[in-house]
Structures are given as C-alpha cells and as structure tokens.
Amino acid sequence: MLLKYRELFKLHPVVAQLSLLQLIAYFGAWFSNVAIYTMLVEFGSSDFAIATVAAMHLIPAVVIAPFSGVIIDKFRLKPLMFALLCTELLMTLLFLTITEKSDLWLLMILIFIRMASASMFFSTEMSLLPKLISGIALQKANEVHSIIWSFTFAVGMALSGIVVNYYGVRTAIILDVLFFVVAIIVFLNINFKVEIIHTKEKFLSMIVDGFLYIKNHKAVIHLIILHASVGITSFDALVTLLAKNEYKYVIAVPLAIGITNAVRAFALMIGPLLIGNWVNKQRLFYIFIFQGVSIILWGIFQSNFYVALIAVFFTGFTTTTIWSITYAFLQENVEQRYLGRVISYNDMIFMLSNVITTLFIGLMASLISLDIITLLLGVAFFAVAWYYKRIQSWI
C-alpha cells in the first residue's frame, strides 16, 4: 500500500508536529556548522585538526550509546527531550566564546556536549516513532525525517555560507541560537504519551540486557551493520579539505563549503521523493551499487568545482533512501521494550562508521590525493552490496 506524506500527517498529527520541530531545530544547526569549519580555516588549522573537529561531531554518539539507550527506555520522554534541547541551546550560545586557535580545545568540548545531547535527542525520537506508528507509516515517517534533514542541510548550508561570508561567523551562531529557542517553544506544545515499560530495573542490568538481546538476535546485528554503511558517506571533512586546498582559488571557502553541501543535500531531499516507492528489499542491492558508482564519479571529476557539483548531486540521490529503509528494517525487527537501547547502540555503530570515515579522510589526506580517497569510499559500497546479498534472507 502506498501512503502519501499528506495522508501520514492527517492520520498521525503527532508525526506532523515532530516533523515541524525537526525542521526548525535542524535548520538552525547548519548555521553553526559552516561557521565552525570556516573558523578552523581562518585559524589556519591543519587537515588533521579539521578532520578531528568533524569527528568530534560524531564521537559523542559512540561514547554515550550504552547509557542513553537505558535512559530512553527508563525515563519519561518529554522531559528528557526538553532537557536535551536546552543543553543544545546553551552549548551553541557558548560557541560565541571561541575567538582564536588556542580555544580549539574548548570548541571540541562544547561540540562534544552539544552533539551528545543531539544524539540522545535523535535516538529518543527514533525510538518514539515505532511506539506511535508501524508498517508503511513508520517507513514514511523515517523518509520525512530524512527529507527534512536533507532540506535543512541544503538550505541551511547554502544560506549559512552566504551569512558567514558576508556577515561573519558570530552572526551565523546567533541565528543558530534563535532557531533553538523557537524549537523549544514548538516542542512544549507537542503532546504524546507512551508507556514506560522499564522503571525499576537497575541501570547496569538494563545495559547488559540490551547487549544480550542484540547478541541473541543475529538479524538485528546484520541490520545494524547494514545501516552503518551510510556512515561511509560522511563527507564533511572531505568537502572542507577540498574547499581549503582546491576550490579556494575558484570561490570563497565558506561559499564552496555551503554550495557543495547544499547541492548534495538537495539530492538527499528529492531522492526519496522520486525513488522511495520504487525501492524495496529486492531492489536495494542496485541502490548500493548506484551509490558506489556515484561516489567514484565524484572522485573522477572532483578537481573541477562546477563539474564536481553534478557528481556531488548523484552521491546524495540514493543516500536518504538507504538510510530510511535500513532504519525501518531495524525498527520493525526489535521488541518495543528494547527499542531505546537497540536504537542507541545502532546509532553508536552508525556514528562509529562516520568517525572512522572522517578520520580516514583526515589521515590519508597527507598521504594520497583527495580524489583517490573518494574513489576508495565509492568502492566500499560495492562491498556493502555484496554483504547485503549475503544477509538478505535474514531480513
């Protein structure tokens, strides 16, 4: 059965409300992202320092996953989500205190705390959705989440590149703070109720129980690994290095970062709109192949900024669909009382994949050219396609 997004919102108003929250919160977040990477370039940071800061956006999800999953399963979700939004707001505000290269250690701490909160908020929401909806509605809700992320990434990155270039880093961060204020106001007006199954179990025993559940369910392990493959498309460091080392002779660095990310994000947004209903369990293999070929083409045409933008578009065209369908596979194969923990552990492995990809780019950038690095990332998706064929019967 096909379900249109309008029908999804009509049948499930809370999904529409949560989607509006995502739209506002995500849109603001990208303003500070471009500002942060622009600061690093202005400070004269090394390639590895840039990659490390990019990784710091991802590492918190890996570190906190065993604890956040238990917290999500054990405590009331709305107060938890409110506290996490407030923490993100505070950390973003403190970005204004970063003024010179010697402050990079403080920047990393602020990023760590903010992204730890953002990661737990995301895991909370993704464990909340399957408690409210299921089946095709759940897959569509995941697609909506991905489309919103992609839309805000595209528009946010593009506008932020312009704001940072013409009005400066501080203005972009202040705008980011204002978006979080609006997001909190919207969140306070959302009403949802879900049952808390675990309230008396000990914290440590719940952590162990969650790991044992995953260990005893091979299909869940395979799906976590499969979903983590999307982490290979973690291109923040690569885009920044291209802007810093290659494109600065063609266009201003903030604009190069913003435009490149915006083009890719535009593809992330429209991809599921065009192929979302066509892709299924059988056809997903070909989507993995397409993803790999697209990244390889980007590597081939990377030296020409304007031609590379076309290739960048195709690198993002199928990514959202891969993310949403593999996430839905996982959500539907997990018992509800374990959802918070399994989703958190899944996000941990997914972010670990992003971290490894980011650090790989940063470390290899001093040894081989960026186009060769990109080609290697593309070839990795051929391995993912082979892996999917091997585990398809488990799903």
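Taking all pairs of distinct Cα atoms, average 1/r, flip it, and tell me the Kirkwood hydrodynamic radius of the stretch 94-165 in Å to one decimal place. Provide the component values of the computation, followed by the final result.
Working: mean 1/r = 0.0667 Å⁻¹.
It works out to 15.0 Å.
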Pairs over 32 Å Cα to Cα, from Lys78/Lys215; Lys10/Lys74; Lys74/Lys218; Lys140/Lys248; Lys74/Lys215; Lys4/Lys74, come to Lys140/Lys248; Lys4/Lys74
Kirkwood calc, the stretch 15-147, C-alpha pairs only, radius in angstrom 16.1
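All other residues with a Cβ under 15 Å from the Cβ of Gly271 taken together, and with Lys, Arg as +1 and Asp, Glu as -1, what is their net charge? Could the numbers behind the result be given before it?
Details: positive: Lys140, Arg264, Arg283; negative: Glu143.
With Lys, Arg at +1 and Asp, Glu at -1, the neighbours total +2.
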Using alpha-carbon coordinates alone, the radius of gyration and Dmax of the stretch 239-395 in Å work out to 17.0, 54
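With runs of 4+ DSSP H residues as the only contributors, calculate the mean residue ellipticity of the chain at 222 nm using -39,500 (n - 2.57) per run, divided by the residue total and rounded to the nearest 500.
Values: 17 runs with 312 residues, N = 395.
That calculation yields -27000 deg cm²/dmol at 222 nm.
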Rg/Rh over Cα atoms for the stretch 8-50, Kirkwood Rh, comes to 1.36
So, for the Cα atoms of the stretch 4-83, Rg and Dmax in Å stand at 17.8, 52
With +1 at each Lys and Arg Cβ and -1 at each Asp and Glu Cβ, the charge dipole magnitude of the chain around its Cα centre, to the nearest 20 debye, comes out at 940
Dimensionless Rg/Rh of the chain, both radii on Cα and Rh by Kirkwood, sits at 0.94
Taking every alpha carbon pair in the stretch 135-263 and sorting the distances into 5 angstrom bins from 0 up to the bin holding the longest one, the percent per bin comes out as 2, 8, 9, 13, 14, 13, 13, 11, 9, 6, 2, 0, 0
Taking R0 as 35 Å and r as the Cβ-Cβ distance between Asn191 and Asn216, the FRET efficiency 1/(1 + (r/R0)^6), rounded to the nearest 0.05, comes to 0.45
Out of Ile225, Val208, Phe179 - ranked by how far each Cα lies towards the positive end of the dipole of the stretch 141-279, with unit charges on the beta-carbon of charged residues - the top one is Val208
Simple spin-label estimate for Lys10/Ile109, 7 Å along Cα→Cβ, in nm, reads 5.3
The Cα extents of the stretch 51-91 along the principal axes, largest first and rounded to whole Å, are 36, 24, 8
For the stretch 238-244, Karplus-derived ³J(HN,Hα) couplings (6.51, -1.76, 1.60; θ = phi - 60°; whole Hz; x for glycine and proline) come out as 4, 5, 5, 5, 5, 5, 6
HN-Hα couplings for the stretch 339-356 via Karplus (6.51, -1.76, 1.60; θ = phi - 60°), in whole Hz with x for Gly/Pro, come out as 4, x, 6, 5, 4, 5, 5, 4, 5, 4, 5, 4, 5, 4, 4, 5, 5, 4
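No lab work stands behind these numbers, since they all come straight from the coordinates. Please read these numbers as outputs of a predicted model, since none were measured by experiment. Virtual Cβ from ideal backbone geometry, glycine too; neighbours counted across all protein chains shown.
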